[in-house]
Amino acid sequence: MSKNNKDCLLKVDGLKKYFPMNKGLVKAVDDVSFSINRGETLGLVGESGCGKSTTARTIIRLYNPDSGSIELDGFELASLSQKRLMPHRKKMQMIFQDPYSSLNGRMTVRDIINEPISVHTKLNKNDTKNKINDLLERVGLNAGHANRYPHEFSGGQRQRIGIARALAANPDFIICDEPISALDVSIQAQVVNMLEELQEEFGLTYLFIAHDLSMVRHISNQMGVMYLGRIVEIGESSEIYREPKHPYTQALLGANPVPDPRIVRQKLKIIGDIPSPLNIPSGCRFRTRCPHAMDICSKEEPQLTGSGRQVACHLHT
Amino acid sequence: MTDTINNNTFSSDDWDNGPKEEFLKSENLAPSMTYWQDVGRRLRGNIPAMVSAAVIILLILAAVLGPSFSSHSYEDQELSFANIPPIINLYQITPGRYVYMHRNLRLIETTSGGDLIETVGMEKEDLFKKKMFYDIDGTRIILDYSQRPFKLTDVDGKPLETWKKTGPGGYLLGTDALGRDLFVRTLYGARISLLVALIATLANFLIGVIYGGIAGLAGGRTDNIMMRIVDIISTIPLTLYVILIMVVLDSGFLSIIIALGSVYWVNMARIVRGQILALKEQEFVLAARTIGTSTMRVLFQHLLPNSMGVIIVTATMLIPSAIFIESFLSFIGLGVSAPMASWGTLCSESLDSIRTFPYQLFTPALAICITMFAFNFLGDGLRDALDPKLRK
Ligand SMILES: Nc1ncnc2c1ncn2[C@@H]1O[C@H](COP(=O)(O)OP(=O)(O)OP(=O)(O)O)[C@@H](O)[C@H]1O
Ligand SMILES: [Mg+2]
């Protein structure tokens, strides 16, 4: 994919996903919009429980969205039935967080990687075999591993198998839901590098979900910061990293270990715990923990403003 | 892109310099062991389970092949040889003539090996002195029943010596009150019990697994309705079903089979549903759904294979209670009808003469116990082998 051809592959607009619970409605994703250009990566960060996985799973239609649109490669997916969605499924794939539960322990590596091939392509036996061997080598394993079972592999190797499975359908778009957080620190770097190489090679587009901000900054072009089901700041990742505008982003960056001791971050303390998604504060959802909270914050919900770099905060309007 | 601060923050080099993961060389690996090979290895190490498996296999072989080795069939009656115990005392009258004194005051002539020939005719009976007189080849003997235990004496009243103890030829476990061979009848009862086990297992797999699988997979309202149906079925006692079905059908045994086949899967359905509900949130199932794998393939390729361990253990554990239900219903007279024999009817028939001929109860009761033990131990062993973490 050439760099100057910056067309938009995924456009999410006003996405909402609520879970009805006994105690009330969990607004896991509450009006999220963003877009990702072809061949680029959007990093999504935020505390645990802020709705990152739900956003990802709604986009890939594991959940049915309550409202909003999901436009992949010009096709609107949000309203399609599962049956009509089928031909679009192969264009988007997902890499999961837990390499232990993301592979079926009763299937061989060959069968695992074969699943998307058999669902989406009509390759004959020989071509399938070659394709599986190719994929295994692409992700740093070899053809001899095809007949083995997942439990014979380490966490990093299992994650590679999961990546090979995601690639097998020749997708354009891959969602990586914390693909390295369950891995050993020493292996994380290799897997991230491999994801970058694969992106280069196949022109892949990533939605990359992570806790670790420095890593998101490393891999993604754009970065979105989520808080309680909503994006509070979005823009070029290097810019956000250099100059976070939203108090929540500032706090997140402060909480993130800085690898270079020369950079001294102004550490902002976030007060208290994240509020329950059953009971979202009025006005700005971050105000209960924000050191800069003002009168207006409890009355009016700030909207994302600005072009390119967007912040939803009354300090920046 | 603005990369101006790259030199004092993170650079991609930092990621490259991480230690390299050690890769398995496929050549050096031990041969790949599948889950089931692993289970088999663990099961073979469990002695009670292996003994139980051997007992079950023997039982199946005996039930299928055993009756054909016997010269008697399960329904042949020989009233003159009724209630013969498995071990008999022989008396030698003259060389070449042997008799067995039956407890209901008859002499039965046998061969030297114990084969029963015929009832010996009585010469006369003294009802006052409670003595029976016999004349065998000129040798006169007296069956004295004036006091217990009954005695066989010569003309002078001297008790005869037991010549030898032996089994009644051809009747390995003796005979019942109608002179039918108990060994063949017990094996026939094993056939009935194993048939019941087979029906219960089939119902569990064909209905229970599929029903529970679909309920768990569908979730929501469908699941709710399906599980309420299961609740209703399971609150009605099985005995009641059998009685209701018996109203329509004459055969008690067929009623039991139909009742078991139609309602004995509910426990399995519940267990499978629980498994599926837990499994379907696992990431490999989500992965299959993002791939677009069809629902049926998700069920049969991902969910059921991962529940197979629990399914097999449950099926094994449900067999003994099915066998017991049939035996119990036959015992109280709702099951197989004569001349068919089930362990339950054998037990109940033996009760009429439990004081005099207790051996008739012993065999079928022991058969029920051994079978139930064997299936339970095998089920336990399977559970330990399938999930070593569950072992207490
Ligand atoms: N299937 C579901 N049913 C009900 N509530 C759910 C469901 N999935 C997620 N939630 C709720 O939605 C909120 C967002 O969850 P989500 O898993 O998206 O968070 P996350 O940002 O991915 O967190 P983490 O970093 O821990 O993975 C949480 O409060 C969670 O309890
Ligand atoms: Mg998550």
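The values are calculated or read from the model by the stated rules, or taken from the named source; none is laboratory data. This one's a predicted model, so the numbers in the text were calculated from it and none came from an experiment. Reconstructed Cβ throughout: ideal geometry from the backbone, glycine too, with neighbour counts over all protein chains shown. Keep in mind that these areas ignore ligands, DNA and RNA; they rest on the heavy atoms of the full protein, side chains included. Shrake-Rupley method; radii C 1.70, N 1.55, O 1.52, S 1.80 Å.
General remarks:
- Verdict on residue A:132 being more than 8 Å from chain B (Cβ to nearest Cβ), more than 20 Å from residue B:306 (Cα to Cα), of a type outside the set (S, T, N, Q) and in a helix (DSSP H, G or I): yes
- Yes/no for residue A:132 being aliphatic (A, V, I, L, M), within 18 Å of the chain's Cα centre (by Cα) and over 20 Å from residue B:283 (Cβ atoms): no
- The set of residues in region A:160-183 being within 16 Å of ligand 2 (Cβ to nearest atom) and away from chain B (no Cβ under 12 Å) consists of A:176, A:181.
- Residue pairs whose Cβ atoms lie under 7 Å apart, separated by 6 or more positions or on different chains, with the first residue in region A:184-196 and facing chain B (nearest Cβ under 8 Å) and aliphatic (A, V, I, L, M) and the second assigned to a helix (DSSP H, G or I) and buried (at least 20 other Cβ atoms within 10 Å of the Cβ), are A:187/A:156; A:192/A:215; A:192/A:219.
- Screening residue B:375 on (1) within 25 Å of residue B:87 (Cβ to Cβ); (2) surrounded by 14 or more Cβ atoms within 10 Å (Cβ to Cβ); (3) in contact (Cβ under 8 Å) with a residue 60 or more places away in the chain shows it passes everything except condition (1).
- Residue check for residue B:54: surrounded by 15 or more Cβ atoms within 10 Å (Cβ to Cβ) and either assigned by TED's automatic domain parsing to the domain that holds residue B:376 or part of a helix (DSSP H, G or I) (or both): no
- Among the residues of region B:283-307, those that are part of a loop (DSSP other than H, G, I, E, B) and facing chain A (nearest Cβ under 7 Å) comprise B:292, B:293.
- Selection of region A:93-119 for residues being in a helix (DSSP H, G or I), open to solvent by 10 Å² or more (accessible area, probe 1.4 Å) and either facing chain B (nearest Cβ under 7 Å) or polar (S, T, N, Q) (or both) yields A:114, A:118, A:119.
- Some residue of region A:40-52 being of a type in the set (Gly, Ala, Ser) and more than 16 Å from ligand 2 (Cβ to nearest atom): no
- Verdict on residue A:61 being under 27 Å from residue B:288 (Cβ atoms) and either away from ligand 2 (no atom under 16 Å from the Cβ) or more than 13 Å from every other protein chain (Cβ to nearest Cβ) (or both): yes
- Unmet criterion (only one of (1) out of contact with any helix residue (DSSP H, G or I) (no Cβ under 6 Å at 6 or more places or on another chain); (2) modelled with pLDDT of 80 or more; (3) open to solvent by 20 Å² or more (accessible area, probe 1.4 Å); (4) not assigned by TED's automatic domain parsing to the domain that holds residue B:365) for residue B:77: (2)
- Matching residues, region A:44-53, being crowded, with 24+ Cβ neighbours inside 10 Å and either away from ligand 1 (no atom under 13 Å from the Cβ) or part of a helix (DSSP H, G or I) (or both): A:52
- Condition check for residue A:154: within 16 Å of ligand 1 (Cβ to nearest atom), polar (S, T, N, Q) and either away from every other protein chain (no Cβ under 11 Å) or farther than 28 Å from residue A:70 by Cα (or both): no
- Within region A:22-43, if we keep just the residues that are away from chain B (no Cβ under 14 Å) and assigned to a loop (DSSP other than H, G, I, E, B), the residue that is least open to solvent (accessible area, probe 1.4 Å) turns out to be A:38.
- Candidates A:83, A:90: the one that is touching a residue at least 24 places away in the same chain (Cβ under 8 Å), open to solvent by 60 Å² or more (accessible area, probe 1.4 Å) and within 12 Å of another protein chain (Cβ to nearest Cβ) is A:90.
- The combined condition, being surrounded by 17 or more Cβ atoms within 10 Å (Cβ to Cβ), assigned by TED's automatic domain parsing to the domain that holds residue B:271 and of a type in the set (Ser, Thr, Tyr), is fulfilled by residue B:211.
- In the set A:261, A:302, A:277, A:257, only one residue is within 16 Å of ligand 2 (Cβ to nearest atom) and either modelled with pLDDT of 85 or more or assigned to a loop (DSSP other than H, G, I, E, B) (or both); that residue is A:277.
- Number of positions in region B:228-262 that are in contact (Cβ under 8 Å) with a residue 40 or more places away in the chain and assigned to a helix (DSSP H, G or I): 14
- Single residue of region A:224-243 satisfying the filter (within 17 Å of residue A:305 (Cβ to Cβ), within 14 Å of chain B (Cβ to nearest Cβ) and open to solvent by less than 10 Å² (accessible area, probe 1.4 Å)) that is farthest from the chain's Cα centre (by Cα): A:240
- Residues of region A:283-300 satisfying the condition of being open to solvent by 60 Å² or more (accessible area, probe 1.4 Å) and not hydrophobic (A, V, I, L, M, F, W, C): A:287, A:288, A:291, A:292, A:295, A:299, A:300
- Residues that are over 26 Å from residue B:257 (Cβ atoms) and among the hydroxyl-bearing types (Ser, Thr, Tyr), drawn from region B:285-332: B:290, B:293, B:294, B:295, B:307
- Cβ-Cβ contacts under 6 Å between residues 6 or more apart (or on different chains), taken from a first residue in region A:272-299 that is under 22 Å from residue A:21 (Cβ atoms) to a second residue that is part of a loop (DSSP other than H, G, I, E, B) and open to solvent by 70 Å² or more (accessible area, probe 1.4 Å), are listed as A:278/A:23.
- The residue list A:13, A:73, A:66, A:31 contains one member that is away from ligand 2 (no atom under 16 Å from the Cβ) and under 28 Å from residue A:254 (Cβ atoms), which is A:31.
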